[in-house]
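The values are calculated or read from the model by the stated rules, or taken from the named source; none is laboratory data. Predicted, not measured: the structure shown is a model, and the values here were computed from it. As a convention, Cβ positions derive from the backbone with ideal geometry for all residues, glycine included, and neighbour counts pool all protein chains shown. Just so you know, the surface numbers come from the protein's heavy atoms only, side chains and all, with ligands and any DNA or RNA stripped out. Shrake-Rupley method; radii C 1.70, N 1.55, O 1.52, S 1.80 Å.
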Amino acid sequence: MNTEQQISQLREELRRHNYSYYILDAPTISDYEFDMKLKELKALEEKHPEFYDATSPTLRVGGEITKNFETIVHDHRMYSLDNSYSKEDLSDWEKRIKKLVDGDVHYTCELKYDGASISLTYEDGVLLRAVTRGDGIQGDNVTTNVKTIKSVPLRLTGDFPPKFDIRGEIVLPYEGFAKMNQERIEAGEEPYANPRNTASGSLKLQDSSETAKRPLDCLLYSITGDRLGIKTQYENLEKARNWGFKVPKESKLVKSIDEVLEFVAYWDEHRHDLPYETDGVVIKVNDLQQQEELGFTAKAPRWAMAYKFKAEQVSTVLREITYQVGRTGAITPVANLEPVLLAGTTVKRASLHNADQIEKLDIREGDTVFVEKGGEIIPKIIKVDFQKRPQNSEPTQYITECPECNTSLIRKDGEAQHYCPNYNGCTPQIVGRIQHYISRKAMDIEGLGGETVALLVNAGLITNYADLYSLTKEQVLPLERMAEKSADNLISGIEKSKEIPFERVLFALGIRYVGETVAKKLAKHYKSIDAIIGASEEELVNVDEIGIKIAQSVTEFFVSEENKALISRLQHYGIQLEISADKLANQTDTLKGQAFVVSGVFEKVSRNELKKLIEDNGGKVSSSISSKTSYIVAGANMGPSKLEKAQKLEIPIISEDEFLGKIQ
């Protein structure tokens, strides 16, 4: 046997042992024997660098340094999930599903592990990259660190597709977490707060050899890609397991919501027997064609629901109520609490939402209150322990003036929150608007974070987001913690933001009620900022999904002379305030005023490509058939109830080829 064959054989043998130990939990050799073989392979590789392999088991120990984690746009968006807390929630969800799809609906139940979400991309069976969830649209490239996790296969086996993504959670088992904390305490260091945050932080360590020391695990649950030949979510899990991924075995295929609730009840009781943190169950429609039919809302898939286990509650003392001012001027009351441990983290603050909530619960300073997390990231107060209320307690008087600029607060009819109307003179509003402008989903200005924005405003260098474009390196260098390279990155990031497309610029402006989806609708309909400025309330309401509330907010924003001056300056600096010529070239009004329902399986284009073609040509995509539907584009396996409804309403049914003919 020559050296190359010897190296190849050792690699293959170590991969098999690694799979048995970390995936099957059934070791085939002792740790000592494994280490000896690894040592032998490492020595051979060092002596013969010409046989280098990026997927060699010896590279699991790390050592590569990453100074800056590159931002990567996900090929397939990573959506969040809607939450449910009761049988009624799940029943309502099921009713919505059955209105939109044909046939029996079965569900895959999976435990919801509490870790750091990750997307792994494989090409020709080899790990290409690992990217954090980020904002769901783009995340950080943490491939070097993820390669050190033993349960992540660097090379697959079996009948895997040429290229696909697989999603999962990076978790830190309880046992490993306890051991890490014991070592930190013995070294005189502060213990880590909880496994989830520690797992997440491990992915962003600059030295991958430090990540390699942490006993991280990777649990996978969803294969994503085009034309994968997989028909159900349950098959999805089985395929992933066969290719070498660690897929939890607790998942179960069920036929009804009652069976879903049995699964939930069992694991609510037994979850503490598991080696990892779990906070609920994820229920998915099993049939992938039905998933495609159901599609997505702006934030979450319609075909999946997270059922959260009953929230943990603790009691503590409310020391003081303070008030925060948001970028829109909205005032949020905050309870400052005696620190208390809740669901693995120390809680010091909780949102009180608004004046009505304080009055409804009769919350007062000095009260003993019950706090829970539930599905909220921010803890909330759910009730007061009146038996422990101090005798000298006084009802809470909600503030009447802005805590930052002393302007009298206003509260519009029908609105829960109070607002500070000092739009251009209230510092938190100014800072908040600029922070929103530079955020990832908006202008994504690299080198400029929220703290730096506050420093720039407090130093008097900027008072609005247009001022960013007149900043110089010399002006920002004296700022706290601003080195020469940081200053270069900041100025370069601001310059690069001039390439951000119009719909994201529109979102970045911070117009009230204009989120990502509304910004896209407006940009697509009007094509330029000037056309939006010139639109009346009545015209705006006629745009798809734009209601009177949004229309009023848009017209109010552009009536302001200060805002018009800002837009004028942004135009002068070269910001994209209209849809680019390239994008316009791919868009037409051929299908304007027509609504389409897409149903079935297609051959020439994928369902998502079909929907994009409809929208690019001015049409609207609907998820359900109604009298307003213009056409149904039908592929193979169109549901019988959809066909029946279409025939009843006399809606034309066209094939994939007929549709493509329409837009050509």
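General remarks:
- Charges were assigned to the Cβ only: +1 to each Lys and Arg, -1 to each Asp and Glu. The resulting dipole of the chain about its Cα centre is roughly 560 debye.
- Gyration tensor (alpha-carbon) shape descriptor, the chain, a/c threshold 1.5: rounded
- Amide H contacts under 5 Å for SER84: ALA306, TYR307, LYS308, restricted to partners 5 or more places along the chain or on a different chain, H placed in the peptide plane at 1.01 Å from N.
- Using the Cβ-Cβ distance between GLN571 and LYS496 with R0 set to 22 Å, the FRET efficiency works out to roughly 0.75.
- Distance in nm between pseudo-label sites at GLU183 and ASP385 (7 Å out along the Cβ direction from Cα): 3.9
- Cα centroid separation - region 349-372 against region 186-214, whole Å: 35
- Hz values of 3J(HN,Hα) by residue in region 137-150 - Karplus curve (6.51, -1.76, 1.60), Gly and Pro given as x: 9, 8, x, 9, 6, 10, 4, 4, 6, 5, 4, 7, 7, 5
- Heavy-atom surface analysis with a 1.4 Å probe gives the chain a carbon and sulfur content of 48 percent of its accessible area.
- Shape category assigned to region 568-656 from the gyration tensor of Cα positions, a/c cut at 1.5: prolate
- Two-site FRET efficiency, ASN392 against THR463, from Cβ-Cβ distance with R₀ of 56 Å, rounded to 0.05: 0.80
- Residue-by-residue Karplus 3J(HN,Hα) for region 497-512, coefficients 6.51, -1.76, 1.60, Hz, glycine and proline x: 5, 5, 8, 5, x, 3, 4, 6, 5, 4, 5, 5, 4, x, 5, 4
- With a simple spin-label model that places each label point 7 Å from the Cα along the Cα-to-Cβ direction, the separation between VAL314 and GLU545 comes to 4.0 nm.
- When peptides 335-342, 516-523 are sorted by average Cβ neighbour count within 10 Å, with the highest value leading, the order is 516-523, 335-342.
- Label-point separation, GLU13 to ASN336 (7 Å along Cα→Cβ), nm: 6.5
- FRET E, pair SER655, ALA265, Förster distance 45 Å, beta-carbon r, rounded to 0.05: 0.45
- Sequence ranges 297-304, 650-657, ranked by mean other-Cβ count within 10 angstrom, highest first: 297-304, 650-657
- Amide H contacts under 5 Å for LYS147: none, restricted to partners 5 or more places along the chain or on a different chain, H placed in the peptide plane at 1.01 Å from N.
- Shape call, region 201-350: gyration tensor on alpha carbons, a/c limit 1.5: prolate
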